[in-house]
Amino acid sequence: MNKLRIITFLSVCTLLCCPSLPVWAQNDSLFTQRVQPNISTKKIFTSAPVVPFYDTLFYIHVGIGTFSPQERALSIADKIEKVADSPNGFQVDSLSVITEGSLTYIVYRDMIIMTITEADAGSMGKTPQALSLEYQTIIRDAIVAHINDTKWLTILLRVLSVVLIVLVQYFLIIFINRLFRKISIKIEQLKGKKIKTIKFKSFVLMDEEKTTKFILFLIKILRYAIILLMLYLSIPMALSVFPATRGVAGILFGFVLSPVKSIFSSIVAFIPNLITIIVIVVVFKYLIKGVRYIAEEIDKGRLTIKGFYRDWAHPTFSIVKTLLYAFMFISIWPYIPGHDKAVFQGVSVFIGVIFTLGSTSIIGNLVSGLVLTYMRPFIIGDRIKIGDLVGNVVEKTPFVTRIRTPKNEEVTIPNSSIMTAQTFNYSQSARTYGLILHSTFTFGYDTPWRKIHEMLLEAAERTPEVQKMPKPFILQTALDDFYAEYQLNVYVVDADKSALIYSNLHQNVQDVFNENGIEITSPHFQTYTKK
């Protein structure tokens, strides 16, 4: 203590008499603060690390006067290195803490390594004495570790450690190559037994040979990936042996560990949201199953709802299912990671623009298909007429309706076109009260109309597809200058056979009139539905 007081007194005298500080006093910026109390100690700078031996010991948070924390940290690190490299060796007992007034010093023999002020202690939330003892321990341990690290035996052991790492990696690579070679042989043996042709229904995706080659390719990629990962990890392991390269090793480890840690942390943080999503999906899954069950019961006729037709069951289920899926997606959306990111919003806007620009006709057909479903102008299998097109309905989709003509021509009609055209349904009339087929014949006035009625009714009776009840009937539609027009009307129940029925009916009319020696002057054909 007396020695420190003498040194301090001589330093003050030197400062008063000389324009510059002694060398030992210039090494620590805190000495200037002690002899120049007018310089503020409350000025706060950016924290600076004290790094004497490639590793941060502690941080300097405050500056003194014109000395920033960075300058103080560099000065302290330089002094610690000088103490560690002292020619006479480092003596642990020579590193001590001395308090003088409001300042506390960490000194080694006659060198002040650093000075701790109340501002330093306040920045750490400790007293100067407690902080100085803590820093003394840190500096002592760092110097001892550095001395041990620079011994020739330690260096030799580290070199041997690097050689051992290289040898271990070498034998591991040999082991992995042999292991994967055995796995490949085993996979070849499983071809045709466990490894079979991959099919999707009747379509062959990959046969046995291609499947085996694909699995072997994946095994090879896995082997290369494992070897590359081992080689990559061996580099920072070797670098971490030496203190000077441990920082680089940490960076290389960080390239692998940081993404893994980030992914793991994200997964752990996502678990509560994942549970919520699973609950929502399960609830909607069973809700959709319930709606499907009701739709199937209605479609099979086991459940009847007044005013709700059976053919509405599946279209209604599709609509309800779509709405439920949409509501489920809306419910899940806030729990999806990154849902509020700009990239998600950009994709949503892009999809919306594409949908808006290209969906005018699609939406029109979809709405028309929905309207046609609930208007029920026809069902699958009905014989209908749309414009000049006659045929049977073979498929109804939300966008188009497909019709097969009597000549087996399949015609696709957009639903929006059907909505704007007149639709005739022959099958519905035939099922309800019978479809009336009629043909017009002309005969001269020399033939009695009663005789003609009798022959036309006989021809209708000879036609097997014509219904006996209601009975066929005849209308006299015109009295022209040279002949009268007679219209034969018959009832049928199978609208799909209209062409065949007309053909048989006309053949029978010809036969009957030929048998009676009467000539058919000018036939004309029409079809209409009884109102």
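A few comments on the model shown:
- Scanning the stretch 377-407 for residues that are of a type in the set (A, V, I, L, M, F, W, C) and under 14 Å from residue 418 (Cα atoms) turns up 378, 379, 384, 386, 389, 390, 393, 399, 400, 403.
- Remark: residue 223 falls outside the filter, which requires a residue to be assigned to a helix (DSSP H, G or I) and either under 30 Å from residue 142 (Cβ atoms) or of a type in the set (Gly, Ala, Ser) (or both).
- Matching residues in the stretch 141-184 - criterion: being among the small types (Gly, Ala, Ser) and either surrounded by fewer than 13 Cβ atoms within 10 Å (Cβ to Cβ) or farther than 17 Å from residue 240 by Cβ (or both): 142, 184
- Just one of the listed residues (441, 378, 424) is in contact with a Lys or Arg (Cβ under 6 Å, 6 or more places away or on another chain) and either under 17 Å from residue 499 (Cα atoms) or of a type in the set (A, V, I, L, M, F, W, C) (or both), namely 424.
- The number of residues in the stretch 418-441 that are more than 12 Å from residue 475 (Cα to Cα), assigned to a strand (DSSP E or B) and touching an Asp or Glu at 6+ places or on another chain (Cβ under 7 Å) comes to 1.
- Subset tally (residues that are of a type in the set (A, V, I, L, M, F, W, C) and touching a helix residue (DSSP H, G or I) at 6+ places or on another chain (Cβ under 8 Å)) for the stretch 454-478: 6
- Scope the stretch 443-484; condition under 15 Å from residue 512 (Cα atoms) and β-branched (Val, Ile, Thr); matching residues: 447, 452, 463
- Residue match in the stretch 157-180 (condition: more than 30 Å from residue 98 (Cα to Cα), in contact with a helix residue (DSSP H, G or I) (Cβ under 9 Å, 6 or more places away or on another chain), among the aromatic types (Phe, Trp, Tyr) and not in a loop (DSSP other than H, G, I, E, B)): yes
Per-residue answers, yes or no, for (1) in contact (Cβ under 8 Å) with a residue 60 or more places away in the chain; (2) in a helix (DSSP H, G or I):
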{"site": "453", "(1), (2)": "no, yes"}
{"site": "481", "(1), (2)": "no, no"}
{"site": "491", "(1), (2)": "no, no"}
{"site": "499", "(1), (2)": "yes, yes"}
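- Among the residues of the stretch 124-158, those that are without any contact (Cβ under 8 Å) to a residue 40 or more places away in the chain and of a type in the set (A, V, I, L, M) comprise 130, 131, 133, 153, 155, 156, 157.
- Any pair with Cβ under 8 angstrom, 6 or more apart, that starts in the stretch 187-206 at a residue that is closer than 19 Å to residue 218 by Cβ and ends at one that is charged (D, E, K, R) and at pLDDT below 80: 205/199
- Condition check for residue 411 on (1) in contact with a helix residue (DSSP H, G or I) (Cβ under 8 Å, 6 or more places away or on another chain); (2) over 18 Å from residue 501 (Cβ atoms): one failure, at (1).
- Residue 527 meets each of the listed conditions (1) more than 60 Å from the chain's Cα centre (by Cα); (2) modelled with pLDDT under 85 apart from (1).
- All positions within the stretch 231-256 that are surrounded by 15 or more Cβ atoms within 10 Å (Cβ to Cβ), touching a residue at least 24 places away in the same chain (Cβ under 8 Å) and hydrophobic (A, V, I, L, M, F, W, C): 237, 238, 241, 242
- Of the helices (runs of 4 or more DSSP H) that lie entirely inside the stretch 262-376, those containing 3 or more residues that are among the polar types (S, T, N, Q), under 30 Å from residue 422 (Cα atoms) and modelled with pLDDT under 75 span 360-375.
- From 400, 512, 490, 466, residue being modelled with pLDDT of 90 or more and in contact with a strand residue (DSSP E or B) (Cβ under 6 Å, 6 or more places away or on another chain): 490
The values are calculated or read from the model by the stated rules, or taken from the named source; none is laboratory data. Bear in mind the structure is a predicted one, so any value in this text is a computation, not a measurement. Note that we place each Cβ from the backbone using ideal geometry, even for glycine, and neighbour counts take in every protein chain shown.
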